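Trainee: Would you mind keeping the following structure in view while I ask a few things?
Values quoted throughout were computed directly from the atomic coordinates according to the rules given, and no laboratory measurement underlies them. Since the structure is predicted, the reported quantities are computational estimates derived from the model, not experimental observations. No Cβ is skipped: glycine too gets one built from the backbone with ideal geometry, and neighbour counts run over all protein chains shown.
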Amino acid sequence: MSILKRLGVPIFNAERTRRQDVEGRGLEVAGMVEGPCTFTLGEVRAMPMTVVNARLTSVSGWSVRADWGGVLWTDFETHIRPLSEASHVTFSSPSGYDTTVALAELRTPRVLLAWQVDGEEIEFEYGGPLRMVIPQLWGYKSCKWLVRIELCGRMRGGYWEDRGYSRDAFVQPGTTRDLNDGAKAKRIAGGGEVTEF
Ligand SMILES: Nc1nc2c(c(=O)[nH]1)N[C@H]1C(S)=C(S)[C@@H](COP(=O)(O)O)O[C@H]1N2
Ligand SMILES: [Mo]
C-alpha cells in the first residue's frame, strides 16, 4: 500500500477514468515537437529515474509530502525536442481532464512524470501508471492518468481553470492541512513550492 493510501490522501477524480481507458495507451506526444510520437510506458520507465521529495498541495486545503519517483521533465524533454515556438504544454487524461502549464515552469528542476511514490507503484486511484508532479503549482496542475502531452504556443483553460481556478496556479499563502502530521493546519508562505515543512 502506498504512503498516499496509508495517510488517507483524498482521491480527486473530477472525471471518470477506468483502468481499461489507460491500459496500453502509453504516452502520446503531439503538437509543436519535431517528431510527434507515442511512448510505451516501458519506454518512459526506461528513461533515467529521479526521486524528488516534494509536497503536493491542493487548493482545497490539504497537502502531502512524499518521495516521488519518475523521470524529470528536463530529462523527458530531451526525448521529444519541442519546436522553438512551443511555450506551453497541455496534459490530458483519457476522460476529459486537462490542464496547461508554461514550459518555463516545467523546466524547473523538481518537476517530474511520476510512477512511484516512496518506492512503490503509484496506485491507479492516485493517478498511476503515470502522473505529473509539479510541486510549485496547485495540485490540479499535476495531471493523473497522463496519456497525452501536447505542446502549444499559448496558455489555455483546463478542467479546473474553466471552473474558476487560476491558470498560473502558483501555490498562494494561506493554510494547508499537513496530512503527514495528522492533518494539522499549518501556515504556508506561498509563492510556489511549500518548503517550510
Ligand atoms: N486526471 C486528473 N488529474 C488530477 C485530478 C483529477 O480530478 N483528474 N485532480 C487534481 C487535483 S485537484 C489534485 S489536488 C491532485 C490530487 O491528487 P490525488 O487524487 O492523487 O490526491 O490531482 C490532480 N490531478
Ligand atoms: Mo486539488
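Trainee: With +1 on each Lys and Arg Cβ and -1 on each Asp and Glu Cβ, and nothing else charged, work out how big the dipole of the range 3-170 is about its Cα centre, in Debye to the nearest 20. Intermediate results must be reported in sequence, preceding the final value.
Mentor: Numbers: 20 positive and 21 negative charges, 74 e Å.
Around 360 debye, computed over the range 3-170.
Trainee: Using θ = phi - 60° and the Karplus relation 6.51 cos²θ - 1.76 cosθ + 1.60, list the HN-Hα couplings for the range 66-80 in order, rounded to whole Hz, with x at every Gly or Pro.
Mentor: Values per residue, Gly and Pro as x: 7, 8, 8, x, x, 9, 4, 3, 5, 6, 4, 4, 5, 8, 10 Hz.
Trainee: Under the rule of at least 5 residues apart or a separate chain, name every residue whose amide H is placed under 5 Å from the amide H of CYS37.
Mentor: VAL29
Trainee: Once you sort the root eigenvalues of the Cα gyration tensor of the range 3-170 as a ≥ b ≥ c, which label holds: rounded (a/c under 1.5), prolate (a/b larger than b/c) or oblate (the other case)? Write out the running numbers ahead of the final one.
Mentor: Numbers: a/c = 1.37, a/b = 1.17, b/c = 1.17.
Because its axes are fairly even, with a/c under 1.5, the range 3-170 counts as rounded.
Trainee: Pull up all non-local amide H partners of ARG148: gap of 5 or more, or a different chain, and H-to-H distance under 5 Å with H placed in the peptide plane.
Mentor: GLU28, SER92
Trainee: Would you mind ranking ASP162, ASP178 so that the residue whose beta carbon has the fewest other beta carbons within 10 Å leads the list?
Mentor: Fewest-to-most ranking of ASP162, ASP178: ASP162, ASP178.
Trainee: Can I ask one more? For THR74, what is the net charge nearby, where nearby means another residue's Cβ is under 15 Å from its Cβ and Lys, Arg count +1, Asp, Glu -1? Provide the component values of the computation, followed by the final result.
Mentor: Working: positive: ARG81, ARG107, ARG110; negative: ASP75, GLU77, GLU105.
Net charge around THR74: 0.
Trainee: Hey, what do the phi angles of the range 185-192 turn into as Karplus ³J(HN,Hα) couplings, whole Hz, using 6.51/-1.76/1.60 and θ = phi - 60°, x for Gly and Pro?
Mentor: 6, 9, 6, 10, 6, x, x, x
Trainee: Follow-up question, since we're still on this one. Please go through the range 1-103 and write out the trypsin sites (Lys or Arg not before Pro) that DSSP classes as loop and that have at most 12 other C-beta atoms within 10 Å.
Mentor: On the way: sites: LYS5, ARG6, ARG16, ARG18, ARG19, ARG25, ARG45, ARG55, ARG65; in loops: ARG16, ARG18, ARG25.
For trypsin sites (Lys or Arg not before Pro) across the range 1-103 that sit outside H, G, I, E and B with at most 12 neighbouring Cβ atoms in 10 Å, the list reads ARG16, ARG18.
Trainee: A further question follows. What does the net charge come to around TRP62 if you take all other residues with beta carbon closer than 12 Å to its beta carbon, with K and R at +1 and D and E at -1?
Mentor: Neighbourhood net charge equals +3.
Trainee: For LYS184, which aspartates and glutamates qualify as cross-link partners when the Cα separation must be under 18 Å and same-chain residues fewer than eight apart are set aside?
Mentor: Partners within reach: GLU196.
Trainee: List the aspartates and glutamates whose Cα sits under 16 Å from the Cα of LYS141, skipping any in the same chain fewer than 8 residues away.
Mentor: Cross-link targets: GLU15, ASP98, GLU105, GLU150, GLU161, ASP162, ASP168, GLU193.
Trainee: Enumerate the amide H contacts of ALA183 below 5 Å, restricted to partners 5 or more residues apart or on another chain; note that Pro and chain-start residues carry no placed amide H.
Mentor: Long-range HN contacts for ALA183: ASP178.
Trainee: Using the Karplus curve 6.51 cos²θ - 1.76 cosθ + 1.60 with θ = phi - 60°, what ³J(HN,Hα) values do you get for each residue of the range 105-112, in whole Hz, with x for Gly and Pro?
Mentor: 6, 6, 7, 7, x, 10, 9, 9
Trainee: Given the rule -39500 (n - 2.57) for each run of at least 4 DSSP H residues, summed and divided by the residues of the chain, what is its mean residue ellipticity at 222 nm, to the nearest 500 deg cm²/dmol?
Mentor: -2000 deg cm²/dmol
Trainee: In the chain, if the dipole is taken from +1 on Lys/Arg beta carbons and -1 on Asp/Glu beta carbons about the Cα centre, which of GLY127, TRP160, GLY26 is farthest to the positive end?
Mentor: TRP160
Trainee: Tell me the trypsin sites (Lys or Arg not before Pro) within the range 105-193 that lie in a loop according to DSSP and have at most 11 other beta-carbon atoms within 10 Å.
Mentor: Answer by residue number: ARG154.
Trainee: First obtain the Kirkwood hydrodynamic radius of the range 98-197 from its Cα pairs, then insert it into the Stokes-Einstein equation at 10 °C and 1.306 mPa s, and state the resulting D in µm² per second as a whole number.
Mentor: It comes out at roughly 108 µm²/s.
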